[in-house]
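K.L.:
Following this message is one structure expressed as structure tokens.
Please treat every number below as a calculation from the coordinates, not as lab data. The shown structure was predicted, so the numbers you read here are calculated from the model rather than taken from an experiment. As a convention, Cβ positions derive from the backbone with ideal geometry for all residues, glycine included, and neighbour counts pool all protein chains shown.
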């Protein structure tokens with residue numbers, strides 16, 4: 001498999017984590033379970049959890065890296081969704097009035113919470129320099145986009161307004177001192193929302209990092225499995241602590257170095273090492289916990305002949 005092919009497989013798994021629960025079967029806004037969709041990796045703004053209107057602001061993990069060269073580096077990619085509120089408005093003279101649904105030129109528009117993918121690459125970071133704590137700010141601006149809706153005769157009959165609140169966070173990376181090349185070292189990583197305090201539950205969610213996770217790629221080194229670690233690092237792995245996430249090896253396993261890989265996924269959903277999207281998955285459903293229900297309901301729709 002090519003390098004790009006391996007990268008695509010890693011990204012497919014990361015996307016499944018990013019969008020888990022984004023829209024649940026039967027994929028209708030009116031469905032009760034789609035009224036509370038954001039469940040994994042939500043990092044709320046400061047004060048939201050204490051006020052009972054949002055999630056805790058941070059996730060943190062520790063993993064083990066085996067440097068293979070003195071100039072080993074790691075790349076860190078922070079990924080999350082930024083909430084985008086879609087408001088539908090009907091034109092009323094010179095003004096616009098917000099409505100729950102609007103049909104224009106045979107197409108229906110409804111008010112809905114969408115999401116925008118955010119991906120911030122950090123690095124490369126020389127491993128030897130990480131013994132001093134590194135703190136990197138992350139800022140995603142807010143904004144408003146307006147899409148005019150025109151009828152078949154070209155007349156503007158409504159509009160869709162999409163709004164986003166700014167999101168601010170920091171990423172912290174620190175490593176324990178290594179005793180030399182090929183000596184394992186522990187990496188401490190954390191992502192924390194540092195945005196403005198929210199005013200209510202809706203505001204807290206709009207200022208949150210949703211589905212937050214990290215992808216780590218080592219150059220001149222390998223991460224070790226925390227589920228099945230090599231014997232020489234088992235003690236170091238036992239000391240690792242995790243808050244609201246867990247790191248797993250991703251990409252194809254290398255039989256020459258079992259329990260080690262160059263890429264690590266820090267996921268808010270507990271996975272096994274080297275997870276893969278099933279070949280039978282023909283599209284992006286993003287509701288893996290409901291696959292059985294989908295299959296059952298679809299079987300029930302079959303005729304006797306089918």
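K.L.:
Quick one: work out Rg over Rh on the C-alpha atoms of segment 51-195, Rh as Kirkwood radius.
P.N.:
Using only Cα positions, Rg/Rh for segment 51-195 is 1.23.
K.L.:
Sorting check: for 79-88, 237-246, which peptide has the highest mean count of neighbouring beta carbons within 10 Å, and how do the rest follow?
P.N.:
Averaged packing, sorted descending, gives the order 79-88, 237-246.
K.L.:
Cα gyration tensor of segment 216-264, axes a ≥ b ≥ c as square roots of the eigenvalues: rounded (a/c below 1.5), prolate (a/b > b/c) or oblate?
P.N.:
Since a/c reaches 1.5 but b/c is at least a/b, the shape of segment 216-264 is classed as oblate.
K.L.:
In addition: Normalised by the number of residues in segment 153-238, what is the relative contact order in percent for Cα pairs under 8 Å and 6+ residues apart?
P.N.:
Once divided by the residue count of segment 153-238, the mean separation gives 24 percent.
K.L.:
Assuming a ≥ b ≥ c are the square roots of the Cα gyration tensor eigenvalues, decide whether segment 126-211 counts as rounded (a/c under 1.5), prolate (otherwise, with a/b larger than b/c) or oblate.
P.N.:
It is prolate, given that a/c is not under 1.5 and a/b is the larger ratio.
K.L.:
Which three semi-axes in whole Å describe the equivalent ellipsoid of segment 101-150, each the square root of 5 times a Cα gyration tensor eigenvalue, listed largest first?
P.N.:
Working from the Cα gyration tensor, I get semi-axes of 44, 10, 9 Å.
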